[in-house]
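The structure appears right after this line, and notes come after that.
The values are calculated or read from the model by the stated rules, or taken from the named source; none is laboratory data. It should be emphasised that the depicted structure is a prediction, and the values quoted were computed from it without experimental measurement. Ideal geometry is used to build each Cβ from the backbone, glycine not excepted, and the neighbour counts take in all protein chains shown. Heads up: the accessible areas ignore ligands, DNA and RNA and are worked out on the full protein's heavy atoms, side chains in. Shrake-Rupley method; radii C 1.70, N 1.55, O 1.52, S 1.80 Å.
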Amino acid sequence: MVIAVISDTHRTSLDDCFAKRVEELAREVDHFFHLGDAVSPEILAFLNSFPLTAVAGNMDYPGIRSSWPVKTTVELDGYRFGLTHGWGGPVGLEDRVLKEMPGLDCLCFGHTHRPFNRKLGKTLLFNPGSAQTDSRSESMYGLLTTGPDGISGRHLPF
């Protein structure tokens, strides 16, 4: 199974570039995770037209905060995934989210706009970076691949 992981899009409306890229990804992946800060209800409606598990972030408009949970778990392909946006400063965020959601095969988080892909104990911690096109850093997303040997992650330009 292949899962596209997107976070921190920070878009106030759906633009053609973002829509086209997500539609391209939909032909290549089985599922999407969005890790918060989509920001607008228009993005919410668009993403909900695909197989999606999502959480709300600290910058999301009220319509998203009432539609998506702050954290959630989902089982896909026999693996338990946790999703959360994250909070506070970037230093130590990995430890904070792991303490909040232990016992998972993979824990996905956003918030920092910085890619992260490291196994701590038995859990893969994964941050896809930011898919914001005018971001302070390169616009990125992640791919998680499941298989008999576990879960692997990689980062790609959005």
Just need a number here: residues in region 87-101 that are assigned to a loop (DSSP other than H, G, I, E, B), open to solvent by 60 Å² or more (accessible area, probe 1.4 Å) and within 17 Å of V55 (Cα to Cα). 1
Checked L156, L144 against criteria (buried (at least 24 other Cβ atoms within 10 Å of the Cβ), out of contact with any His (no Cβ under 6 Å at 6 or more places or on another chain) and under 22 Å from E28 (Cα atoms)); the one match is L144
Which one of the conditions (1) modelled with pLDDT under 95; (2) aromatic (F, W, Y); (3) under 23 Å from A26 (Cα atoms) does F81 fail to meet, given that it meets all the rest? (1)
Residues of region 42-63 that turn out to be surrounded by fewer than 23 Cβ atoms within 10 Å (Cβ to Cβ) and hydrophobic (A, V, I, L, M, F, W, C), as a count: 7
Which one of these does T73 not meet: (1) more than 16 Å from H111 (Cβ to Cβ); (2) crowded, with 18+ Cβ neighbours inside 10 Å; (3) among the polar types (S, T, N, Q)? (2)
If L144 satisfies all but one of (1) assigned to a loop (DSSP other than H, G, I, E, B); (2) hydrophobic (A, V, I, L, M, F, W, C); (3) in contact (Cβ under 8 Å) with a residue 60 or more places away in the chain, what's the number of the condition it fails? (1)
Residues (modelled with pLDDT under 90 and in a strand (DSSP E or B)) located in region 2-49: R11, V39
Search result, residues across region 62-78 that are at pLDDT below 95 and in contact with a strand residue (DSSP E or B) (Cβ under 6 Å, 6 or more places away or on another chain): W68
Residue list for region 73-97, restricted to those being more than 13 Å from N127 (Cα to Cα) and touching a Phe, Trp or Tyr at 6+ places or on another chain (Cβ under 7 Å): T73, V74
From the list M101, M59, pick out the single residue that is aliphatic (A, V, I, L, M), in contact (Cβ under 8 Å) with a residue 40 or more places away in the chain and closer than 16 Å to L35 by Cα. M59
Taking region 125-141 and keeping only residues that are open to solvent by less than 60 Å² (accessible area, probe 1.4 Å) and either out of contact with any Ser or Thr (no Cβ under 8 Å at 6 or more places or on another chain) or among the aromatic types (F, W, Y) (or both), one is left with L125, F126, S135, Y141
Looking at (1) open to solvent by less than 50 Å² (accessible area, probe 1.4 Å); (2) more than 16 Å from F109 (Cβ to Cβ), can you tell me which one D37 breaks? (2)
